[in-house]
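Heads up, the thing below is written out as structure tokens.
The values are calculated or read from the model by the stated rules, or taken from the named source; none is laboratory data. Worth saying up front: this structure is predicted, and the values here are computed from it rather than measured. FYI the Cβ positions are ideal-geometry reconstructions off the backbone, even for glycines, and counts take in every protein chain you see.
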């Protein structure tokens, strides 16, 4: 019957979902936040350094109100 597929579907869903869910919490334990910023590209490093310079915390969402006027 149709319900015989449910155990396999649950196993596949758990196998695909648990690594992402686990990394979300591992990053919180190791980095102090739930998200990891990639430093593989020049643009990403530049934005990280800009956020660190402007607010002191690169993981805070920065808007135009955080950029000082000249």
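Structure values in brief
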{"read-out": "Hey, residue 7 in a loop (DSSP other than H, G, I, E, B), surrounded by fewer than 10 Cβ atoms within 10 Å (Cβ to Cβ) and either at pLDDT 85 or above or at negative phi (or both) or not", "value": "no"}
{"read-out": "Pick from segment 59-70, criterion surrounded by 10 or more Cβ atoms within 10 Å (Cβ to Cβ) and part of a loop (DSSP other than H, G, I, E, B), ranking: nearest to the chain's Cα centre (by Cα)", "value": "59"}
{"read-out": "Search result, residues across segment 28-58 that are surrounded by fewer than 12 Cβ atoms within 10 Å (Cβ to Cβ) and touching a helix residue (DSSP H, G or I) at 6+ places or on another chain (Cβ under 6 Å)", "value": "38, 39"}
{"read-out": "Verdict on residue 25 being surrounded by 10 or more Cβ atoms within 10 Å (Cβ to Cβ) and modelled with pLDDT under 85", "value": "no"}
{"read-out": "Contacts under 9 angstrom Cβ, first residue in segment 15-41 being on the phi > 0 side of the Ramachandran plot and in a loop (DSSP other than H, G, I, E, B), partner surrounded by 10 or more Cβ atoms within 10 Å (Cβ to Cβ) and modelled with pLDDT of 75 or more, 6 or more apart", "value": "32/59"}
